[in-house]
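These notes are about the structure you will find just below.
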């Protein structure tokens, strides 16, 4: 028995040593290294605005606007990113789920994704300074496409991208370009009682001050007037609301529409406005107010004999993209806007107009 007592520590040592060594090794690897941490620039939600080039989807395919969001979160204890992309290309909506991580064996970044169309993508990435390059390939309908996606960060919160692709061994061609801008998170920018983020600045404006713009007319329309954007997230500010002012001549109307992502408050500064919101309607006068919850139909009309003036306050950014899309800066001559352009502006601003035959996403 004494001999066993001598041998037991040796046996246990031989058995435990690999376990201890593995535990120590895992402890050393548990913290993501600097290469993994470079992926942090992609964490968060980004708003995508771009364009597919004419001919990129076929010999006679038209140029098309691109809009959507990319959202990436840390996964696997901080060693990778789990991302979801939602994109609208010329009215066709797609989603993609993909995983990004750093491979310490190949010393490269890997991305593997699958789209709602059934397309599978595999890309290998490298980073040099502020530019990420992701060459790879995808399969669509049994065909293999080669691609290269390039991201150049122009600030810590935005990057410009170029997407190139080709079928088989054909040379790569630029198919899509655009820009993605980070959407400030409420938890990062402000608490729930605040209208602004950490980077917001105080602002004092007179009635006629702000970003003055002129409406683009539909065919046959003339002199629609304009509006003033008072407060937006432009120029790097972190305001979490959008404020706009507009004058309405007698008979002018804002047609029936609904905002998909923002609540809205309209303040009547002067004149008489007939407001129709949901199943309620009435005339309102100077000092009156209209509250429009998101996804609620609303229309406004100046039913008085004098000009009216209103101020609109939106609970979150987004609709200013629609307003800029359907207008030009003061001093420029407004160009005619087509129905297709109006539909695209509506998608950019997350709004649906009843008389344009538009539907909410998912309908």
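Need the failing condition index for residue 356 against (1) touching a helix residue (DSSP H, G or I) at 6+ places or on another chain (Cβ under 9 Å); (2) modelled with pLDDT under 95; (3) buried (at least 16 other Cβ atoms within 10 Å of the Cβ), just the number.
Unmet condition: (3).
With respect to residue 144, determine if the residue is assigned to a strand (DSSP E or B) and free of Cβ contacts under 8 Å to residues at least 40 places away in the same chain.
Working: assigned to a strand (DSSP E or B): yes; free of Cβ contacts under 8 Å to residues at least 40 places away in the same chain: yes.
So residue 144 passes the test.
Checking the conditions here, which among 87, 114 is assigned to a strand (DSSP E or B), within 19 Å of residue 164 (Cβ to Cβ) and out of contact with any helix residue (DSSP H, G or I) (no Cβ under 9 Å at 6 or more places or on another chain)?
Among 87, 114, only 87 is assigned to a strand (DSSP E or B), within 19 Å of residue 164 (Cβ to Cβ) and out of contact with any helix residue (DSSP H, G or I) (no Cβ under 9 Å at 6 or more places or on another chain).
If you scan the range 292-308, which residues turn out to be surrounded by 13 or more Cβ atoms within 10 Å (Cβ to Cβ) and either out of contact with any strand residue (DSSP E or B) (no Cβ under 8 Å at 6 or more places or on another chain) or outside any loop (DSSP other than H, G, I, E, B) (or both)?
292, 293, 298, 299, 300, 301, 302, 308
Determine, yes or no, whether residue 292 is within 13 Å of residue 309 (Cα to Cα) and in the same structural domain as residue 309 (by TED's automatic domain parsing).
no
With respect to residue 46, is the statement that it is over 15 Å from residue 178 (Cβ atoms) and either buried (at least 16 other Cβ atoms within 10 Å of the Cβ) or not assigned by TED's automatic domain parsing to the domain that holds residue 127 (or both) true?
For residue 46, the condition - over 15 Å from residue 178 (Cβ atoms) and either buried (at least 16 other Cβ atoms within 10 Å of the Cβ) or not assigned by TED's automatic domain parsing to the domain that holds residue 127 (or both) - is not met.
The values are calculated or read from the model by the stated rules, or taken from the named source; none is laboratory data. In this text the structure is predicted, and so the values were computed from the model without any measurement. Neighbour counts are summed over all protein chains in view; Cβ atoms, including those assigned to glycine, are modelled from backbone coordinates with ideal geometry.
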